[in-house]
There are 2 protein chains.
Amino acid sequence: MTRWGILAPGRIAHKFAQDLLHVPDAKLVAVASRDLIRAQEFAHQYGATYAYGSYEELLSCGELDAVYIASPHIGHYEHTLMCLRAGIAVLCEKPFAMNATQVAEMIDLARQKQVFLMEALWSRYMPTTLKALEIIESGAIGKVLGVKADFGFKAPYDVTKRTFNKSLGGGALLDIGIYPLFWSYLILGKPSQIKAQSVFGETSVDESTGMTLTYPGGTFAFLDCTFMAATRCEAYVYGEKGTICVHSRWHESKALTVEYPDGTSETHTFDRSTWGYQYEIEEVNACLKDNQLESKLWSLDDSINLMDLLDSVRHEIGLVY
Amino acid sequence: MTRWGILAPGRIAHKFAQDLLHVPDAKLVAVASRDLIRAQEFAHQYGATYAYGSYEELLSCGELDAVYIASPHIGHYEHTLMCLRAGIAVLCEKPFAMNATQVAEMIDLARQKQVFLMEALWSRYMPTTLKALEIIESGAIGKVLGVKADFGFKAPYDVTKRTFNKSLGGGALLDIGIYPLFWSYLILGKPSQIKAQSVFGETSVDESTGMTLTYPGGTFAFLDCTFMAATRCEAYVYGEKGTICVHSRWHESKALTVEYPDGTSETHTFDRSTWGYQYEIEEVNACLKDNQLESKLWSLDDSINLMDLLDSVRHEIGLVY
């Protein structure tokens, strides 16, 4: 039984807590917010025993196996270090931190303290993602030639929220552009060259970012993200013998289709009644049970490589936090 | 009645000739190929009176109002100049020539000789394109924020054909990448910055090209093309109040949908039994009838601006013919 604590009970923490109820061998024990009332309400809603009015108090709980860090991007680094120092396993929301320097420090501490650490890149553990990799591995679509992926939605314009607020680490790239970049990295690894351009809004965050990546093996990734419009949100892998299309919205998808040049296709469906966070929770459970210090599906090296990509894109578009 | 001649009766000339049969006040009179037998067969098939075994002979026909130039890209410049010098109106396939220098020379000659000249950018005259512009103009989708468009198909690998043959002006950009670039130019005009990357094949043509463009008004275009895979081939315009999606394959589409943030949408359908070349033919007819020396829908300035974009992308990806 993994006893969970949640740090920062915002919107995504609610979804996480709801899905946690569906995971055997896991239960929510404690929640910490800077606002005690909020923590108490959250604890009451999901049956947690303890509610704390500060993040630091969470560490004193004494009954936690793992903490899920759901604070805004800019808090991930500090809150992860805090939990690791206390010897508590951490599942930290994406983006893992604000840059690769911070991520490296987090990883160093986890390894030094021999404490489990994992980025909550939930799409990695989705059945559609596992299936896509299985199909590629099987050779069904032949040699992979390239990928495409997008993520776009019309974000409400509210500068008090993270999305458009630069001081909170806002902008499309870190928030949602990380998904298409994750897809490119998962399928094609590290690129040899990245080019990118953004449109910046009044608050100086990137509202729309387009990226082209090329790879040593002669493959490509064409990616984009935007806060300004609901784009298709599909992810593709183009192979010599077929194309995989992960259905919209691909990062949390329930189905993918493999299309072949002869016009035939096959669709794989993975129904669920949850948001889809149980897969990453189950991965943490399995790792902790097996005394692994990191996930084999999304290792700490993967996390820092992805953050390197985000840093490179930020350099290309001229975005400095 | 516009009396047409066709120069180079290849695959696209067949489609053009088939659609020409549906246009009132237009008829095919002559066809010229470097292969007389081929010209004769084509003339017989479509009821043309004259068949010539060289392009030069076409000019001596004496009964032509306009010539449709359907030779490979690398012939467009020379063949257009040849017809213009003979005082015959020209509809020349896209890309208009191999670079902006050639296009400028073609335009200069047309203006000097006072002869009609138009790029056969057939998508410009499609009802879906006209409808998209009408919807934008109406304000229905509000301020335009950006566009996306792609064009990808799995091209048969045959180095004797233009597609993969660099000496014939092959590569995805000039062949099909011109369509997404056209879409960006039509909606957003000239960009302030272009970034692009390509994957080059064994024959040194660009097989896949991704492009990001940003504009003085703070808008974006994310575009791509590939010979390696059948991508969605959709074109989008993202506005503050809605999104226009031109259905696949958008460059020759019969429908578009306007999607609104409240989940409602409206689809406009334009059925036809033709390939869709009749619209550009009708535009030439109308211009000639009206003694216009260029189209108002796709002017010669538009053609050279589009070629400037293609040149800029080529510079970015390092493609030199």
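The values are calculated or read from the model by the stated rules, or taken from the named source; none is laboratory data. In this text, all values refer to a predicted model and were calculated from it rather than measured experimentally. Cβ atoms come from the backbone with ideal geometry, glycine included; neighbour counts cover every protein chain shown. Calculation scope for accessible area: heavy atoms of the full protein, side chains included, ligands and nucleic acids excluded. Shrake-Rupley method; radii C 1.70, N 1.55, O 1.52, S 1.80 Å.
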Original post:
Rg to Rh ratio, chain B, alpha-carbon atoms and Kirkwood radius?
Top reply: 0.96
Subject >> Cα→Cβ-extended label distance, 7 Å offset, between A:THR269 and A:SER167, nm >> reply: 4.9
Subject >> Accessible area expressed per residue, segment A:77-224, with surrounding protein chains retained (probe 1.4 Å, Å²) >> reply: 32
**OP:** Please work out which residue of chain B brings its Cβ closest to the axis of the rotation superposing B onto A, and round that distance to whole Å.
**Re:** B:LYS195, 2
**OP:** List the residues of segment A:202-218 that lose 10 Å² or more of accessible area once all protein chains are present, compared with their chain alone (1.4 Å probe, heavy atoms only, no ligands or nucleic acids).
**Re:** A:SER208, A:GLY210, A:THR212, A:THR214, A:GLY218
Subject >> Neighbouring partner chain Cβ atoms per residue of B:222-230, average, 10 Å criterion >> reply: 6
Original post:
Once phi is turned into θ = phi - 60°, what whole-Hz ³J(HN,Hα) does the Karplus curve with 6.51, -1.76 and 1.60 give for every residue of segment B:26-38, x standing for Gly and Pro?
Top reply: 8, 8, 7, 10, 9, 9, 10, 9, 6, 10, 4, 4, 4
**OP:** Would you mind telling me the share, in percent, of accessible area of the protein assembly as shown contributed by carbon and sulfur at probe 1.4 angstrom?
**Re:** 49
Subject >> Residue-wise HN-Hα coupling along segment B:222-235, computed from phi with Karplus coefficients 6.51, -1.76, 1.60 (Hz; x: Gly, Pro) >> reply: 10, 10, 7, 8, 7, 8, 9, 7, 7, 7, 4, 6, 10, 10
Subject >> Counting DSSP beta bridges with both ends in the protein assembly as shown, the antiparallel % (nearest 5) >> reply: 55
Original post:
So which lysines pass the test for B:LYS27, namely a Cα distance under 24 Å, with those fewer than 8 places away in the same chain ruled out?
Top reply: B:LYS15, B:LYS94, B:LYS289, B:LYS296
Original post:
Using the eigenvalues of the Cα gyration tensor, what equivalent ellipsoid semi-axes result for the protein assembly as shown when each is taken as the square root of five times the eigenvalue, whole Å, largest first?
Top reply: 56, 23, 21
Subject >> Accessible area buried, both sides summed, chains B and A with 1.4 Å probe, Å² >> reply: 2700
Original post:
A:VAL67's amide H: which non-local residues (gap 5+, or another chain) put their own amide H closer than 5 Å, with H modeled 1.01 Å from N in plane and none for Pro or chain starts?
Top reply: A:GLY5, A:ALA89, A:VAL90, A:LEU91
**OP:** Mind running the shape call on segment A:181-307? Use the C-alpha gyration tensor, a ≥ b ≥ c as the square roots of the eigenvalues: rounded below 1.5 for a/c, prolate if a/b tops b/c, oblate otherwise.
**Re:** rounded
Subject >> FRET efficiency estimate (nearest 0.05) - Cβ-Cβ, A:GLU105 to B:GLU56, R0 51 angstrom >> reply: 0.10
Original post:
How far is helix A:278-289 tilted, in degrees, relative to the longest principal axis of the Cα atoms in chain A, given as a value from 0 to 90 rounded to the nearest 10?
Top reply: 60
**OP:** Mind jotting down the distance between the C-alpha centroids of segment B:1-59 and segment B:148-202, whole Å?
**Re:** 28
Original post:
For the pair B:ALA230 and B:ASP262, how long in nm is the line joining their label points, each one 7 Å along Cα→Cβ?
Top reply: 3.7
Subject >> Cα-based helix-to-principal-axis angle, A:100-113 vs chain A, degrees rounded to 10 >> reply: 50
**OP:** For segment B:57-130, calculate the relative contact order in percent as a whole number, restricting contacts to Cα pairs under 8 Å that are 6 or more residues apart.
**Re:** 29
Original post:
Amide H neighbours of A:SER54 under 5 Å, counting only residues 5+ apart in sequence or on other chains, H built in-plane at 1.01 Å?
Top reply: A:SER33
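First select every other residue whose beta carbon is under 9 angstrom from the beta carbon of B:LEU306; then total the charges, Lys and Arg +1, Asp and Glu -1.
The answer is -2.
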Original post:
Taking the Cα atoms only, what angle lies between the long axis of helix B:127-138 and the longest principal axis of chain B, rounded to 10 degrees?
Top reply: 40
Original post:
Nm distances between the label at B:GLN193 and the same-position labels in the remaining copies, 7 Å along Cα→Cβ, shortest first?
Top reply: 1.7
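List the relative contact order of segment B:65-210 as a percent without decimals, with contacts defined as Cα pairs under 8 Å and 6+ residues apart.
With pairs under 8 Å counted, the relative contact order is 18 percent.
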**OP:** Roll a 1.4 Å probe over the protein chains and send me the accessible area per residue for segment B:4-46 in Å².
**Re:** 47
Original post:
What percent does the relative contact order of chain A come to when contacts are Cα pairs within less than 8 Å and at least six residues apart?
Top reply: 18
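From the P(r) of segment A:45-135, can you give the percent of Cα pairs sitting at distances over 24 Å?
On the way: 1125 of 4095 pairs.
Result: 27 percent of Cα pairs exceed 24 Å.
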Original post:
In segment B:105-148, what residues drop by 20 Å² or more in accessible surface going from the chain by itself to the full protein assembly, probe 1.4 Å?
Top reply: B:LEU145, B:LYS148
**OP:** Could you order peptides A:79-91, B:60-72 by the average number of other Cβ atoms within 10 Å of their residues, highest first?
**Re:** A:79-91, B:60-72
**OP:** List the distances, in nm and shortest first, from the label point of A:LYS289 to the matching label points in every other copy, placing each point 7 Å from Cα along the Cα-to-Cβ direction.
**Re:** 7.7
Original post:
Using a label point 7 angstrom from Cα along Cα-to-C-beta, what distances in nm, from shortest up, separate B:MET1 from the other copies?
Top reply: 9.3
Original post:
Cα centroid distance between segment B:249-281 and segment B:291-321, in Å?
Top reply: 25
Subject >> Shape of segment B:64-194, Cα gyration tensor, a/c cut at 1.5 >> reply: oblate
